[in-house]
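One structure is given here, and the rest of the page talks about it.
The values are calculated or read from the model by the stated rules, or taken from the named source; none is laboratory data. Since the model is a prediction, treat every value here as computed from it, not as a measurement. Because the Cβ atoms are built from the backbone with ideal geometry, glycine has one as well, and the counts that use them run over all protein chains shown. Each accessible area value is taken on the protein alone, full model and side chains, heavy atoms only, with ligands, DNA and RNA left out. Shrake-Rupley method; radii C 1.70, N 1.55, O 1.52, S 1.80 Å.
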Amino acid sequence: MAVTLAELAEHIGAELHGDGTCTVGAVAALERAGHGDVSFLQNRAFRKFLKVTGASAVILGEEFLRECPVAALVMEDAYLGYARAAGLLHPHNPRVPGIDPAARIEAGAMIASSASVGAFSVVEAGARIGEEVEIGPNCFIGRDASVDACTCLGAGVTICHGVTIGRRCIIQAGAVIGADGFGLARDRDRWIKIPQIGGVRLGDDVEIGANTTIDRGALEDTIIENGVKIDNLVQVAHNVRIGEHTAIAACVGISGSVVIGKRCMLAGGVGIAGHLEIADDVVVTGMSMVTKSITEAGTYSGGWAAQVAPQWRRNVAALRRLGRRPPQGNGTAHE
Amino acid sequence: MAVTLAELAEHIGAELHGDGTCTVGAVAALERAGHGDVSFLQNRAFRKFLKVTGASAVILGEEFLRECPVAALVMEDAYLGYARAAGLLHPHNPRVPGIDPAARIEAGAMIASSASVGAFSVVEAGARIGEEVEIGPNCFIGRDASVDACTCLGAGVTICHGVTIGRRCIIQAGAVIGADGFGLARDRDRWIKIPQIGGVRLGDDVEIGANTTIDRGALEDTIIENGVKIDNLVQVAHNVRIGEHTAIAACVGISGSVVIGKRCMLAGGVGIAGHLEIADDVVVTGMSMVTKSITEAGTYSGGWAAQVAPQWRRNVAALRRLGRRPPQGNGTAHE
Amino acid sequence: MAVTLAELAEHIGAELHGDGTCTVGAVAALERAGHGDVSFLQNRAFRKFLKVTGASAVILGEEFLRECPVAALVMEDAYLGYARAAGLLHPHNPRVPGIDPAARIEAGAMIASSASVGAFSVVEAGARIGEEVEIGPNCFIGRDASVDACTCLGAGVTICHGVTIGRRCIIQAGAVIGADGFGLARDRDRWIKIPQIGGVRLGDDVEIGANTTIDRGALEDTIIENGVKIDNLVQVAHNVRIGEHTAIAACVGISGSVVIGKRCMLAGGVGIAGHLEIADDVVVTGMSMVTKSITEAGTYSGGWAAQVAPQWRRNVAALRRLGRRPPQGNGTAHE
């Protein structure tokens, strides 16, 4: 894949400074790029590499243009330019259509002729696999599940019965979508299991990370709306609903029946308690625990930055002393 | 599956107010239920849906009886009633017994005739699979492992060599039971691995969530007692022992050699440090870290509720100021 | 496997007190050991078992020698002695070399004759599998990946295209190495995916835990150096570099482009924010969040120990009161 800089500039929405007939074929980091590569500069910390880059062209903001020793593709958000350039120059390499002879396709499964199903994958009765879908090896698609056009599943993905997946989704290896929610009722000293008869519905353009788990609903469906991006090792419990274009980093845990708005961002390790509602455009910073509904857009935090251990221990001790004191003892003097 | 309200009332232990010959065939949420459905009302927040429900009957507490426009099944714990009704009306749909021709059963494995083994699963020599056990596709049952009667394994479950699983357990997709514990000894600047020669024993009626990992013991076995319920993406390290009917929510991490009592509840994201003992009937709230043994029943916490970021930053700054001050400086004036 | 105590003493580097011709064949815990077993005493809490042990020999420090009723193998670090003894007496039980007839080996894959590949595993074109490598069942080795000599993969391991794994590594079941990093760029209200064209390189003697995920790099490779040991359910994001002999406990999350030094130890549940550098010989205690680069060796903390809930709530309330007060309001009176 090679494009001229003129074509690239138009594709990514940048203003070209340099020879539009020159061609590039790959993206590369500033300090490693060579002839035929296009690079980018977004983070000021990498500015030092600009002068010495071997790239044929660099995507950058106007503020760096004067320093650029090679062809420049100027646009406000250079990182977005890089993303677009990478998407153009490094397109997904599709699998050859067809069903591997070692796949198990049950009678009554419907598989589009342009789809591919890898070796040792199972597609159960009633499942529907759309056009250009790619299913890796060792996957499981349960009965009556559906995977819509152009969606890709990595190796060892489990899609349980009745789950529906939209178009152009990407499900990384090992993800489990539609296992039973953790529904239990206490019956004296023991737990009884509540059948989980809801499903899971993923919209279009959803990405699910490796070994992430999304549980089926208890009565209704768990819903992941269009454009949601979820990283690895995330837990989404039963009956959660996640709004469009929300992004969720790794190791997040979302409890049952939580409703998350659109365009939210949850950083790594965040936990959200059950039955809460999170408004649109909420950002939760790393390792915070959300215990109340959030009704307004904004940034929310609850995590502590690590310090050198003796200092941290002093903080802990100080708070414990404070917590042992009756509130009014300190308060009256100051408030 | 359809039952009369009289049968249902008896099965769940409720007092029927209404026509006992009317039949229901499914459970459904109050606001979505239609003719032939039974619903329930436990949480006061859903009371508004009671008046307008389309359900044929509703399981509820006595306090809501007067408002119920349809047949009522009155019992103290309506949620338990719902669980029992759902179990009756939505029984597990068993796989057809038999070994898939594409499963690999090694010589010397014993598989009951009423068991089922899915495609592309491997059962190694010496393994024993009990009556009515269901093993999904792409599972691995290592040598000399045993899975007792009526236990169900989802897709892609790994049961390592020598692990024993009791009766009526449910192991969700992707769980790994019996991988090596993280046993290392420092030998100058490097680590040497300690062979993990213990096993894992699960009792009866245990549920293990999707992609959860339970490590084999170093010398002795890791033990999960009867009735324990574990959610998704939980880590149980080597030589842990978890007491009967304890429930563990998602994303919990339990370090090596921890002993947890009976009927405990660990909320999501809890971490427990190594070699601790936790008494019976202990509740640990979300994202708490347990660093000392807990000898008394009760509720324990260590997590911080997220706040809007500027307020949270003020808290952090306040504690850091406090931690920098010598303890007596503040203490003398107030204590 | 049985060795004389003289041989064992030499192998582990201990001084033997007792009959060097006596043989032992297994390691066992002090309180469970019987004739023919060798045990160890490191933790003072187990001292009570020394007097009554049934072991044929005990590895211990000099301070316990007088109390030892059986043959003693004296060395400073008895735990290391135990590790070495266990490694000698319980060697890994290798799979029989050969490719299972139900494995799928694509044309152009190179597999050493002494390697084994389990049933229902897929090795794609261009992949290289070294001497004595063991690949469990249901694994996936993508195109052009390589697994070097004597490395073992458990069941259901995914090694994506182009990933390279060194010698003598152990990859536990369900691990996913080389799935796409979580690379997104915001394009107005939606996210666009950034192709992840880097790879993953694991050095020699690396261990990766069950269901752990290590993402491929965006442009460059994610790198795990020699001797790194990673526990279960750990997330390593794209472009992370982890230095030699660093050990990482379960449930840790490491964000993109983090560089971790040599011989570090991250306890369970730690989170590290993106683009940070961590020096050599850094220890981070459980459930701490690292938000700034760490430039000096030492121990760092940010986790809170759980307390009984009412006390914990008082701490939380006290901090919130403090955080609401202007900093100088308190400071002037006391400092």
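Just to be sure I understand, how many residues within segment A:138-156 are touching a residue at least 40 places away in the same chain (Cβ under 8 Å) and small (Gly, Ala, Ser)?
1
Can you pull out the residues in segment C:230-247 that are open to solvent by 10 Å² or more (accessible area, probe 1.4 Å), closer than 15 Å to C:GLY203 by Cβ and out of contact with any Lys or Arg (no Cβ under 8 Å at 6 or more places or on another chain)?
Of everything in segment C:230-247, just one residue is open to solvent by 10 Å² or more (accessible area, probe 1.4 Å), closer than 15 Å to C:GLY203 by Cβ and out of contact with any Lys or Arg (no Cβ under 8 Å at 6 or more places or on another chain), namely C:ARG241.
Just for segment C:59-78: of the residues that are over 18 Å from C:HIS90 (Cα atoms) and either within 11 Å of another protein chain (Cβ to nearest Cβ) or in a strand (DSSP E or B) (or both), which one is farthest from the chain's Cα centre (by Cα)?
The selected residue is C:ALA71.
Restricting attention to segment B:35-72, which residues are over 15 Å from B:ALA9 (Cα atoms), buried (at least 23 other Cβ atoms within 10 Å of the Cβ) and of a type in the set (A, V, I, L, M)?
Selection gives B:LEU41, B:ALA55.
Conditions (1) more than 10 Å from chain C (Cβ to nearest Cβ); (2) within 18 Å of B:GLY166 (Cβ to Cβ), marked per residue:
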| position | (1), (2) |
| --- | --- |
| B:ALA109 | yes, no |
| B:ALA112 | yes, yes |
| B:SER116 | yes, no |
| B:ALA119 | no, no |
| B:GLY126 | yes, no |
| B:ILE129 | yes, yes |
| B:ASP144 | yes, yes |
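Of these, C:ILE135, C:ILE159, C:ILE170, C:ILE177, which one is within 10 Å of chain B (Cβ to nearest Cβ), free of Cβ contacts under 8 Å to residues at least 40 places away in the same chain and under 22 Å from the mean Cα position of the chain (by Cα)?
Only one candidate qualifies: C:ILE170.
Could you tell me how many of the residues in segment C:143-154 are out of contact with any Asp or Glu (no Cβ under 8 Å at 6 or more places or on another chain) and either open to solvent by less than 10 Å² (accessible area, probe 1.4 Å) or at pLDDT below 95 (or both)?
Counting residues in segment C:143-154 that are out of contact with any Asp or Glu (no Cβ under 8 Å at 6 or more places or on another chain) and either open to solvent by less than 10 Å² (accessible area, probe 1.4 Å) or at pLDDT below 95 (or both) gives 1.
So in segment C:80-97, with the set limited to residues that are touching a strand residue (DSSP E or B) at 6+ places or on another chain (Cβ under 6 Å) and surrounded by fewer than 18 Cβ atoms within 10 Å (Cβ to Cβ), which one is farthest from the other protein chains (Cβ to nearest Cβ)?
C:PRO97
May I ask you to say which residue of B:GLY87, B:GLY118 is within 26 Å of the chain's Cα centre (by Cα) and under 25 Å from A:VAL123 (Cβ atoms)?
Selected residue: B:GLY118, the only one of B:GLY87, B:GLY118 that is within 26 Å of the chain's Cα centre (by Cα) and under 25 Å from A:VAL123 (Cβ atoms).
Counting only residues that are at the interface with chain C (Cβ under 9 Å from one of its Cβ atoms), in contact with a Ser or Thr (Cβ under 9 Å, 6 or more places away or on another chain) and either assigned to a strand (DSSP E or B) or free of Cβ contacts under 8 Å to residues at least 24 places away in the same chain (or both), how many does segment A:228-247 have?
2
When segment C:272-295 is examined, which residues are found to be facing another protein chain (nearest Cβ under 8 Å), at negative phi and assigned to a loop (DSSP other than H, G, I, E, B)?
The answer is C:ALA273, C:THR285, C:GLY286, C:SER288, C:THR291, C:LYS292.
Take C:VAL163 and decide whether it is buried (at least 23 other Cβ atoms within 10 Å of the Cβ) and within 28 Å of B:ILE192 (Cβ to Cβ).
Yes: the conditions hold for C:VAL163.
Could you check how many residues of segment A:131-142 are closer than 24 Å to C:PRO137 by Cβ and either at pLDDT below 95 or open to solvent by 10 Å² or more (accessible area, probe 1.4 Å) (or both)?
Residues in segment A:131-142 being closer than 24 Å to C:PRO137 by Cβ and either at pLDDT below 95 or open to solvent by 10 Å² or more (accessible area, probe 1.4 Å) (or both): 3 in total.
Here are the criteria: (1) open to solvent by 40 Å² or more (accessible area, probe 1.4 Å); (2) touching a residue at least 60 places away in the same chain (Cβ under 8 Å). Tell me which single one B:VAL259 does not satisfy.
(2)
Condition test on B:LEU5, is it touching a residue at least 40 places away in the same chain (Cβ under 8 Å), open to solvent by less than 20 Å² (accessible area, probe 1.4 Å) and away from chain A (no Cβ under 13 Å)?
yes
Being out of contact with any Ser or Thr (no Cβ under 9 Å at 6 or more places or on another chain) and at pLDDT 95 or above is the requirement here; does C:ILE294 meet it?
For C:ILE294, the condition - out of contact with any Ser or Thr (no Cβ under 9 Å at 6 or more places or on another chain) and at pLDDT 95 or above - is met.
Inside segment A:301-314, can you point out the residues that are open to solvent by less than 60 Å² (accessible area, probe 1.4 Å) and either modelled with pLDDT under 95 or of a type in the set (A, V, I, L, M, F, W, C) (or both)?
Those that are open to solvent by less than 60 Å² (accessible area, probe 1.4 Å) and either modelled with pLDDT under 95 or of a type in the set (A, V, I, L, M, F, W, C) (or both): A:TRP304, A:ALA305, A:ALA306, A:ALA309, A:TRP312.
Just checking, how many residues over segment A:19-32 are without any contact (Cβ under 8 Å) to a residue 24 or more places away in the chain and open to solvent by less than 40 Å² (accessible area, probe 1.4 Å)?
Summing the residues that are without any contact (Cβ under 8 Å) to a residue 24 or more places away in the chain and open to solvent by less than 40 Å² (accessible area, probe 1.4 Å) in segment A:19-32 gives 2.
Out of B:ARG168, B:ARG188, B:ARG104, B:ARG128, report the one residue that is within 30 Å of C:TYR82 (Cα to Cα) and open to solvent by 40 Å² or more (accessible area, probe 1.4 Å).
Only one candidate qualifies: B:ARG188.
Restrict the check to segment B:47-58 and report whether at least one residue is without any contact (Cβ under 8 Å) to a residue 12 or more places away in the chain and not in a loop (DSSP other than H, G, I, E, B).
yes
From the list A:ALA250, A:ALA318, which one is at the interface with another protein chain (Cβ under 7 Å from one of its Cβ atoms), open to solvent by less than 20 Å² (accessible area, probe 1.4 Å) and not in a loop (DSSP other than H, G, I, E, B)?
Exactly one of A:ALA250, A:ALA318 is at the interface with another protein chain (Cβ under 7 Å from one of its Cβ atoms), open to solvent by less than 20 Å² (accessible area, probe 1.4 Å) and not in a loop (DSSP other than H, G, I, E, B), namely A:ALA318.
Before we move on, is A:ALA102 without any contact (Cβ under 8 Å) to a residue 24 or more places away in the chain, within 27 Å of the chain's Cα centre (by Cα) and farther than 12 Å from A:LEU41 by Cα?
When the stated conditions are applied, A:ALA102 does not pass them.
Within segment B:198-216, does at least one residue satisfy the condition of being open to solvent by less than 10 Å² (accessible area, probe 1.4 Å), within 8 Å of chain C (Cβ to nearest Cβ) and acidic (Asp, Glu)?
yes
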